[in-house]
Amino acid sequence: MIILYSIKETRQWLTGERAMGKSIGFVPTMGALHQGHLDLVRRALNENDLAGCSIFVNPIQFNNPEDLEKYPRTLENDLQLLEQSGCDLVFIPSVEEMYPGPVKDKYDFGDLERVMEGEHRPGHFNGVAIIVKKLFDIFQPDKAYFGEKDFQQLRIIQALVRKEKIPVEIIPCPTVRELDGLAMSSRNRRLTPEERLRAPEMYRTLLLASELATKIPVSEVKSICIARLESKGFKVDYFEIADIESLQPSDTWETNGGMIACAAAFLGKVRLIDNMILFSNFAR
């Protein structure tokens with residue numbers, strides 16, 4: 001496994017591989033890797049000649065300084081896991097390498113960035129778009145792999161690729177869960193043992209929303225699910241039921257594509273997010 005720290009070296013290495021006709025699958029991460037990340041790497045390996053991964057905790061996508069400070073950093077373990085998974089290249093830049101000067105780029109994703117995560121984390125998706133565009137420019141991958149746990153982020157990146165006409169295929173990958181249903185996340189490491197026992201209640205609440213979908217009004221499903229989360233000790237940021245394509249909240253079950261339930265809530269000091277497709281008219 002090749003480990004590189006500079007943009008120049010990474011581009012040079014990838015250019016050489018590409019010149020030999022090799023296809024490149026790419027998995028961007030912020031480290032603190034778990035099985036969900038490794039599944040993305042393994043899929044990239046299965047579908048391409050080589051798999052590259054980046055590890056970079058992107059400061060400009062954090063609107064909460066404390067969240068940035070406390071984000072888990074486990075580089076030595078990450079590298080062991082990536083080597084075991086068969087990853088070919090890991091790019092580990094410094095903040096100065098990625099942002100040598102002031103960051104002035106500004107993306108506008110319209111209504112897509114004004115709901116849910118965008119509403120509660122101002123500037124977050126602009127920071128995501130900036131770093132993903134930079135990484136795509138460096139790796140120039142054939143395919144890039146993103147987990148559906150961050151479903152709104154996935155839609156933002158798909159919009160970025162269309163807007164910037166980036167020649168990469170975005171591959172959505174199903175959320176990987178613990179045995180008790182909790183969506184795998186680097187932030188789960190920050191949960192206390194007692195909080196970790198309660199954390200799967202978010203998944204169970206989404207299952208409840210799925211069971212109630214189309215049977216009672218949307219507003220009632222949302223109220224029931226918010227009340228359930230609060231009764232389990234969560235402080236709810238939002239619980240939305242939205243169109244699966246536009247992610248705009250809906251008051252009715254009428255849709256051309258499908259509906260998804262998306263939730264974000266604090267358990268203690270840790271903010272958890274998750275989602276569940278309630279129904280979809282598209283083949284998965």
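Could you please state how large a percent of the accessible area of the chain is carbon and sulfur, counting protein chains only and using a 1.4 Å probe?
50
Report, in deg cm²/dmol and to the nearest 500, the calculated mean residue ellipticity at 222 nm for the chain, where each DSSP H run with n ≥ 4 adds -39500 (n - 2.57) and the sum is divided by the residue count.
Helices in the chain give a 222 nm mean residue ellipticity of -12000 deg cm²/dmol.
Could you give me the percent of Cα pairs per 10 Å distance bin for region 106-217, shortest bin first, beginning at zero and ending with the bin that holds the maximum distance?
Histogram of Cα-Cα distances, whole percents per bin: 12, 33, 34, 19, 2.
Could you tell me which of Met184, Thr74, Val236 has its Cα farthest along the dipole of the chain towards the positive end, charges placed at Cβ (Lys, Arg +1; Asp, Glu -1), taken about the Cα centre?
Checking the options against the dipole of the chain, the answer is Thr74.
Quickly work out the Ser6-to-Trp253 label distance, labels modelled 7 Å from Cα along the C-beta direction, and quote it in nm with one decimal.
Placing both labels 7 Å along Cα→Cβ, they lie 6.0 nm apart.
Given q = 0.17, 0.21 Å⁻¹, what are the Debye log10 I(q)/I(0) values for region 168-223, with equal point scatterers placed on the Cα positions and solvent ignored?
The Debye formula, applied to the Cα set alone, gives -0.72, -0.87.
Full extension from Ala19 to Ile216: what is 0.36 nm times the residue separation minus their Cα-Cα distance, to one decimal in nm?
Here the answer is 65.2 nm.
Using a 1.4 Å probe, what is the accessible area per residue for region 97-245, in Å²?
46
Which value in Å does the Kirkwood hydrodynamic radius of the chain take, with 1/r averaged over all unlike C-alpha pairs and then inverted?
19.8
What area, in nm² and to one decimal, does the C-alpha convex hull of region 166-284 cast on average over all directions?
Mean shadow area of the hull around the Cα atoms is 8.6 nm².
Tell me, what does the Kirkwood hydrodynamic radius of region 17-122 come to in angstroms if you use every pair of distinct C-alpha atoms?
When all Cα pairs of region 17-122 are included, the Kirkwood radius is 15.9 Å.
The values are calculated or read from the model by the stated rules, or taken from the named source; none is laboratory data. Every value quoted in this text rests on a predicted model; they were computed, and no experiment measured them. Here Cβ is always computed from backbone atoms with ideal geometry, including for glycine, and neighbour counts include all displayed protein chains. Side chains included, ligands, DNA and RNA excluded: accessible areas come from the protein's heavy atoms. Shrake-Rupley method; radii C 1.70, N 1.55, O 1.52, S 1.80 Å.
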